[in-house]
Every structure is written in C-alpha cells, then in structure tokens.
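J.: Mind looking over this structure? Questions follow.
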Amino acid sequence: MNTQNGPLLSVRDLKTYFMMDEGVVKAVDGVSFDVHAGQIFGIVGESGCGKSVTVKSILRIVEAPGKIVHGQILLRRSRQDGTSGEEELDLAGLDARGQEIRSIRGAQIALIPQEPMASFSPVHTIGNQIIEAIMLHQSIGRKAARNLACDMLKDVGVPMPERRLDEYSWQLSGGLRQRAIIAMALSCNPRLLIADEPTTAVDVTTQAQVLRLLRQLQRERNSAIIFITHDLGVIAQMASFVMVMYLGLVMEQGPVDDIFHAPKHPYTQALLRSIPSVSSQPRVSLPTISGSIPHPFNKPSGCPFHPRCIKRIPGKCDVRTPALQAVGEQQLVSCFLYHDAEVSA
Amino acid sequence: MTSPSTTPLLDVRNLRKYFPIQKGFLKKTIGNVRAVDDVSFFVEEGETLGLVGESGCGKTTASRCVVRAIAPSSGQMLFRTGEGQVVDLAKLDRAALRPLRPQMQMIFQDPYSSLNPRMNLFEIVGEPLLVNGLVNRKQRTDQVAELLQLVGMRPEYMQRFPHAFSGGQRQRIGIARALSVHPRLVVADEPVSALDVSVQAQILNLLLDLQQRLNLTYIFVAHNLGVVKHICDRVAVMYVGKLAEMAKTGELFHQPRHPYTAALMAAVPVADPRVRSGDVELKGEVPSPANPPSGCYFHPRCAYAAEVCRTQPPDFREISPGHFVACHRAEEIELPGISLG
C-alpha cells in the first residue's frame, strides 16, 4: 500500500442533495473517506443509504435535480504541466460537463455498472463500444484500438475474443456480458475502478467467477477498487477496508476484519446478526432490526438509526447527530456509545 | 380421511413442461425448451421444501405448474385435498380446479409489481374472499383486519394504497392476501430476494411463525442458499430442468452427493473475511434447456465427469433413505460440505 504519498482519492465531508419539488432529499449528508492505491474499498448499505450517489458524485454523473452542495473530492494524479510529481485535483469543483472531468471519467476513474444488459447499447457491437472508449482517451489508431480491445477481452476470460468483438450485447450470456463490461472499464488502465453492485444481476456461480476475476485483475494491476454492494458475504470476501452507510451517513469504517469480528456500531452489529448464513442454526427466529428504512423525506432527527436502535440513549440520539470518530487504530464509528463528538450544524 | 400421515400432501411424478420453439410463417415447431424435464418430488404436510438453482433452471416453471398457473406437458401432481381425497392436479380442467384453488396459494417475488396500485389494502386482501363467496362487506372487513394483524400490520391501514408502504410491508400484504383463503400449500417464489437485508429477516421470521400457527406447507423457491438453509426442512436442487439432488437440509449441506450441489455451495460468499470461499470455481456457463448437452447435463462443467456421464443420463435415485441424487458416481466421490458454525 502506497500510504506515504497519501490516498489516491480523498472524499471530504461530501454532501449531495436532491432539490425536489416536495423538499430536499439529503442523499449523501457529510461523507468522508480515503481510498489508497491497491486497496479494495467496500461500501455496504441497504437501499437508500446513499452508496450509489456517493460514487456518482465522484464521477460527477449525479442526475438533476441532484447537486453536490458541499465537500471536496480530491483525486491524486501526476502533474499535468509536464513537471514531475503529483498534484491533487478537486473533482467536486469541476464543471460536470467540462473537458477536464471527461478526460478523467473512463480513463483514470472507470465504472463497472450494475446492470450489464442496460449498460451496452443493443445496436452497436461490443467491439465498437470498447474501441470507442479506447480511442476517446488514447491517441491510437482504430486498428491498434481493436487489437487492444481484443487483448482486454482475452484478459477477462472471454473465449474467442476476435469473434465476440463483432457480436451484440444481447448475443452474450449474463456472465460474458459482465466480463465485457469489465474489459471496457479496464481498457484505459484506470487507477481507480468503481464497481457498483457488479454481481447482483448474475447467478451465484457466475458471481464467484466475476469476483475472482476482479481480485486477480486488482492484484496484477495494483489499481484501487471502490466496491459497492448490499451483500455482506461479497464484501467480506472482496474488501480490505469497509464503510457502512445508512441514510446518507457513514455509520462505521474500518478494516474488514474489525467490521466483521469487532463491529462497534449497533447498526453494523444488527445487520451482521440478521443475515441467515449457510453455516448458522436453521429454523430458529432470526434476530431482526425492528421497523423499516425511513423514507428520505422524513429522515429522523439526530442519529438516523435511532428509531430502530436497541441501544439508543433517549434525549441524546434523537436530538444530536454523532460525528465519525476514531475508536481504534483504524476503526471509526459515529455513535454516542463510544464518544461525544457531534456533527456541527 | 384415509391415513393422512402416509401420503404426502403433494406428490409430483415425472413432471414435464416443454415450451415449443416455433419458426417461420406456419409456426412449425422446430424444437422444445425443456424447462422442466422429468422432475419428481414430494412435499409432506407442514414441511418446507426448498427449490434451488440458478436462473433458467426451471424452478419457477415447476412451482407454477404445481399451482396450475400453467398446465404441465405431462406427468402427475397428486394433491391430497382438505377432504382427504387425492386428486391429480395435472389432469384437471379449469372448472374442476376452481374449488381447489383456495388450497394452493402463491407469494410472489416482487412486492412492487404484485400489488395493484389502484386497489387499497382492503380490496387487495379482500378480493380472494369476495371471489370465494364472502359477499358480506362487514364480515370481509373483519377478516381483512384480522389478516393484516396476523402479518404484523395495523388494521387502520386498510384504506391506504400500496405506494404508501415499504418493500417489506408490501410483502406482508402479499402474504396476507395469500393466506386470506386458508391455503394448505403455499408456493413462495423468491419471497425475500427483492428485500433489504434488515427487512429480509423479518419476513423470514414471519413465514416461519405463520407456518407453525397455521400448519402451512411451503414450497420455497430461492437462489440464496443461506435463506434456504435457514427456512427449509428439505431441499431440492435443480439444474437445467432436472433435479440434481434432494435431501433433508442438514444432510444436503453437510454431505452433498451431487458435484453441482457442492459447487453451488462453494460459490456462496461467506460473510466472514477469515474464511475464504469461492475458491473451487465452476467453469463455464449453464447450458440452454433448448439445447442441453448429452448424457448428464452437468458433465461439461463437472470435475468428476467420467465416460458414462457423457453418454448416459443418470437416473434420479434414492441412495440412502430420503436422499435422492442424479449422479452416476455419487457413491465413489467425496464432496466437501459445509460445517455447522
């Protein structure tokens, strides 16, 4: 891990709000984290927790009426003026439609989207779409780009890549389509790869193949991956560092082993208890989290988890919002059970 | 009633469902998609049978045949009715099925598309009652209120519409609707896979609780093995339209006898970073049921495949009491299972 140079990506107090007619949805409400080179950074959370909006903010592809209203997204990259060394660029300050972010999107930060069917155009061949991405970011000819695309498909384990280049996405099976998407994302050698629930749409045996492939590619290329999922099993197998989100806020952050074996936040603890695992005792009542995830319009005051929390402190958790504070060497938690720091309004 | 404990509630024998592939102007049938191909299983009263497999393996088609949402191509489905008679659901026509329908109900996967957005809860949960002859509105209101309470919802919500509820609450409404006509067999097709983890456990607990209180029999279709292990008494594993293995849940997980079952279990990511899973990788992809391989359908992906597997389709046979498997080499090979943690 390349820590002495600082993180590859540093998100500081990011707030992305959606200005709707009915009110403001605070989809991401003060999220901070660092991603280092060579790290698989897992973001886990249930629907509506803001995990997808967080990565969309990084790529600056948040749809209107969504807007980054606060915070910094610092990306480390080599100096653009020709001198040696590295500089930090604040992605949050860029024009979302400008030349600068477009040269970063797809080249330095690439996305593996959730739905492999919806992410390829059905009227262009797989090859043309990968070649387009390559030629947009690298100054090479069409022939060279095609060869590169072919190599990429071979790297991700697509059989007969030459032939597949001239096929359409609907001719491929789910697993092959997901591999083709990965090939496209990797084609420009990104330093940061964002995988947004890359395996939720595929079967468990295909999922195992895709996860294995991502792990292997990550080792070979030493790129960083931000891995989003709601599946705690997948996160345990993939990530080295985990961030748990709930209703737009970070509940807990830490190395994967601490999160799974010494979870601090009541939400993380409850989440881990409530999943039926293949190795747990069958047909007994599972410990549950009472209630359901509140609608983003009526977000609870104070700590967003307090109405469902069994350890809530009345008069405190429902009034004040806890800040994310270190409780161990690398573990951070936002809960008044461990510290008294609160988010300043 | 004739000896209720000896005959199973549902005995499915050699069930087949083929969908024809038609081509050209005259719609000539050029082949068949063998969605369900010679499947036999049984469900005892009060138990939960899990039906697992990857997408396209025919688990949903099989479960839809059972409730006669679709008509099977051939085979028998012997159902023991509440009056103690045994009828073959596969042979009955619409009129004859109608009085039996309340005894078999279904819970659907997607709580967002399975509830009519223009009907309020009273209409949704009360409709099966109305259809089955309960015309008195007052009585219906009372019953709907009771059903809503049964699934953990407040009766005051009766006038609200589905959009006002979260995914977990909607699934509760779907369960209340299925239970309104006092079914004996409930087919649940992936009832928790569209739900968030924290809500999933609530619905699983509700299903277990209702089963004990109402003596329900479930056929639980799922792809999440963790969920299946948790809720099922017995599990049947399907692969490309055929059953690969069927056994008691514990036995199937600890001592799988079919290489596909073992591979499926090994592919499940374990929620513990200290346990590395997914190392035994299953190569290749699921073949199409329109054009399956010769012999055993699993042989191109199987690490234990022998010559006989390429040529001869294996029989679905009982190798120890209650443990059925379709593998030529089930006795010779040692397969890893999952130990109880």
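J.: Here is a list: B:Arg94, B:Arg80. Which entry is crowded, with 20+ Cβ neighbours inside 10 Å, over 17 Å from B:Val221 (Cα atoms), modelled with pLDDT of 90 or more and among the charged types (D, E, K, R)? Lay out the reasoning, then the answer.
T.: On the way: B:Arg94 fails: crowded, with 20+ Cβ neighbours inside 10 Å.
Answer to the selection: B:Arg80.
J.: Hey, another quick one. If you scan the range B:195-249, which residues turn out to be more than 24 Å from A:Ala208 (Cα to Cα), in contact with a His (Cβ under 7 Å, 6 or more places away or on another chain) and either within 12 Å of chain A (Cβ to nearest Cβ) or free of Cβ contacts under 8 Å to residues at least 24 places away in the same chain (or both)?
T.: Selection gives B:Leu204 alone.
J.: With the structure loaded, tell me whether B:Glu331 is over 26 Å from the mean Cα position of the chain (by Cα), away from chain A (no Cβ under 14 Å) and farther than 24 Å from B:Gly226 by Cα or whether it fails that test.
T.: Yes; evaluated as a whole, the condition is true for this residue.
J.: Within the range A:222-240, can one find any residue that is of a type in the set (S, T, N, Q), crowded, with 21+ Cβ neighbours inside 10 Å and free of Cβ contacts under 8 Å to residues at least 40 places away in the same chain?
T.: yes
Here is a yes/no grid of residues against (1) closer than 26 Å to A:Gln39 by Cβ; (2) at pLDDT 90 or above; (3) surrounded by 15 or more Cβ atoms within 10 Å (Cβ to Cβ):
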{"position": "A:Ala133", "(1), (2), (3)": "yes, yes, yes"}
{"position": "A:Lys154", "(1), (2), (3)": "no, no, yes"}
{"position": "A:Gly157", "(1), (2), (3)": "yes, no, yes"}
{"position": "A:Met160", "(1), (2), (3)": "no, no, no"}
{"position": "A:Leu172", "(1), (2), (3)": "no, no, yes"}
{"position": "A:Gln178", "(1), (2), (3)": "yes, no, yes"}
{"position": "A:Cys188", "(1), (2), (3)": "yes, no, yes"}
{"position": "A:Leu192", "(1), (2), (3)": "yes, yes, yes"}
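J.: Here is a follow-up. Could you grab me the full set of residues in the range A:110-154 that are closer than 17 Å to A:Leu172 by Cβ and of a type in the set (Asp, Glu)?
T.: Listed by number, the list holds a single entry, A:Glu115.
J.: OK, next. Grab the strands (runs of 3 or more DSSP E) fully contained in the range A:56-166, keeping just those with 1 or more residues being more than 19 Å from A:Cys188 (Cα to Cα) and either within 23 Å of the chain's Cα centre (by Cα) or aromatic (Phe, Trp, Tyr) (or both).
T.: On the way: elements: A:66-78, A:86-90, A:109-112.
The qualifying strands (runs of 3 or more DSSP E) are A:66-78, A:86-90.
J.: Please list, ordered by residue number, the helices (runs of 4 or more DSSP H) wholly in the range B:232-341 having 1 or more residues that are among the hydroxyl-bearing types (Ser, Thr, Tyr) and surrounded by 23 or more Cβ atoms within 10 Å (Cβ to Cβ).
T.: B:259-267
J.: So is A:Gly233 within 30 Å of A:Leu14 (Cβ to Cβ), among the small types (Gly, Ala, Ser), facing chain B (nearest Cβ under 10 Å) and outside any loop (DSSP other than H, G, I, E, B) or not?
T.: yes
J.: Would you check if B:Arg170 is under 30 Å from A:Val44 (Cα atoms), part of a helix (DSSP H, G or I) and at pLDDT 90 or above? Please lay out each step first, then the result.
T.: Working: under 30 Å from A:Val44 (Cα atoms): yes; part of a helix (DSSP H, G or I): yes; at pLDDT 90 or above: yes.
The answer is yes for B:Arg170.
J.: Could you check the range A:247-289 and list, in sequence order, the residues that are within 8 Å of chain B (Cβ to nearest Cβ) and farther than 29 Å from A:Val35 by Cβ?
T.: Result: A:Pro276, A:Val278, A:Ser279, A:Ser280, A:Gln281, A:Pro282, A:Arg283, A:Ser285, A:Leu286, A:Pro287, A:Thr288.
J.: Do we find a residue being in contact with a helix residue (DSSP H, G or I) (Cβ under 9 Å, 6 or more places away or on another chain), away from chain B (no Cβ under 14 Å), without any contact (Cβ under 8 Å) to a residue 12 or more places away in the chain and among the small types (Gly, Ala, Ser) anywhere in the range A:140-152?
T.: yes
J.: Can you pull out the residues in the range B:90-102 that are closer than 17 Å to B:Val181 by Cβ and not basic (Lys, Arg)?
T.: Result: B:Leu97, B:Pro99, B:Leu100, B:Pro102.
J.: Please pick out the residue among A:Val333, A:Val278 that is among the aliphatic types (A, V, I, L, M), surrounded by 14 or more Cβ atoms within 10 Å (Cβ to Cβ) and at pLDDT 90 or above.
T.: A:Val333
J.: From A:Gly42, A:Gly38, grab the single residue that is in contact with a Phe, Trp or Tyr (Cβ under 8 Å, 6 or more places away or on another chain) and within 18 Å of A:Leu192 (Cβ to Cβ).
T.: Only one candidate qualifies: A:Gly42.
J.: Continuing with this model, one more query. Looking at this structure, is A:Thr199 without any contact (Cβ under 8 Å) to a residue 60 or more places away in the chain and part of a loop (DSSP other than H, G, I, E, B)?
T.: So A:Thr199 passes the test.
J.: Let me ask you something else. From the residues in the range A:3-27 that are in contact (Cβ under 8 Å) with a residue 60 or more places away in the chain and of a type in the set (Lys, Arg), which one is nearest to the other protein chains (Cβ to nearest Cβ)?
T.: Filtering the range A:3-27 for residues that are in contact (Cβ under 8 Å) with a residue 60 or more places away in the chain and of a type in the set (Lys, Arg), the one nearest to the other protein chains (Cβ to nearest Cβ) comes out as A:Lys26.
J.: Within the range A:20-54, track down each residue that is assigned to a loop (DSSP other than H, G, I, E, B) and out of contact with any Asp or Glu (no Cβ under 6 Å at 6 or more places or on another chain).
T.: The answer is A:Asp21, A:Glu22, A:His36, A:Ala37, A:Gly38, A:Gln39, A:Gly45, A:Gly48, A:Cys49, A:Gly50.
J.: Show the residue pairs that are 6+ apart or on different chains and have beta-carbon atoms under 9 Å apart, the first residue being within the range B:305-321 and over 13 Å from B:Pro292 (Cα atoms), the second being in a helix (DSSP H, G or I) and of a type in the set (D, E, K, R).
T.: Once the first residue is over 13 Å from B:Pro292 (Cα atoms) and sits in the range B:305-321, its partners that are in a helix (DSSP H, G or I) and of a type in the set (D, E, K, R) give B:Ser320/B:Glu251.
J.: Show the residue pairs that are 6+ apart or on different chains and have beta-carbon atoms under 7 Å apart, the first residue being within the range A:28-46 and surrounded by fewer than 21 Cβ atoms within 10 Å (Cβ to Cβ), the second being part of a loop (DSSP other than H, G, I, E, B) and among the hydroxyl-bearing types (Ser, Thr, Tyr).
T.: A:His36/A:Thr3
J.: Name the pairs: first residue in the range A:311-322 and in contact (Cβ under 8 Å) with a residue 12 or more places away in the chain and of a type in the set (A, V, I, L, M), second residue assigned to a loop (DSSP other than H, G, I, E, B) and loosely packed, with under 15 Cβ neighbours inside 10 Å, Cβ to Cβ under 8 Å, at least 6 apart or on different chains?
T.: A:Val319/A:Ser301
J.: B:Leu252: facing chain A (nearest Cβ under 8 Å), at pLDDT below 95 and under 20 Å from the mean Cα position of the chain (by Cα), yes or no?
T.: no
J.: Considering only the range A:272-312, state which residues are in contact with a helix residue (DSSP H, G or I) (Cβ under 6 Å, 6 or more places away or on another chain) and under 20 Å from A:Ala27 (Cβ atoms).
T.: A:Ser292, A:Pro300, A:Phe305
J.: Yes or no: the range A:74-84 includes at least one residue that is of a type outside the set (D, E, K, R), closer than 25 Å to A:Ile225 by Cα and crowded, with 17+ Cβ neighbours inside 10 Å.
T.: Yes, the range A:74-84 contains at least one residue that is of a type outside the set (D, E, K, R), closer than 25 Å to A:Ile225 by Cα and crowded, with 17+ Cβ neighbours inside 10 Å.
J.: Which residue is farthest from the other protein chains (Cβ to nearest Cβ), if the candidates are limited to the range A:290-318 and must be part of a loop (DSSP other than H, G, I, E, B) and polar (S, T, N, Q)?
T.: Only one residue fits best here, namely A:Ser301.
J.: If you don't mind, there's one more thing I want to ask. Tell me whether the range B:267-285 contains one or more residues that are within 13 Å of chain A (Cβ to nearest Cβ), out of contact with any helix residue (DSSP H, G or I) (no Cβ under 6 Å at 6 or more places or on another chain) and touching a residue at least 40 places away in the same chain (Cβ under 8 Å).
T.: No, the conditions are met nowhere in the range B:267-285.
J.: Separate question: Test each condition in (1) more than 8 Å from chain B (Cβ to nearest Cβ); (2) crowded, with 24+ Cβ neighbours inside 10 Å for A:Ala208 and report the one that comes out false.
T.: Only one criterion in (1) more than 8 Å from chain B (Cβ to nearest Cβ); (2) crowded, with 24+ Cβ neighbours inside 10 Å is unmet by A:Ala208, namely (1).
The values are calculated or read from the model by the stated rules, or taken from the named source; none is laboratory data. All figures in this text were calculated on a predicted structure; none of them were measured in a lab. Backbone-built Cβ (ideal geometry, glycine too); neighbour counts: all protein chains shown.
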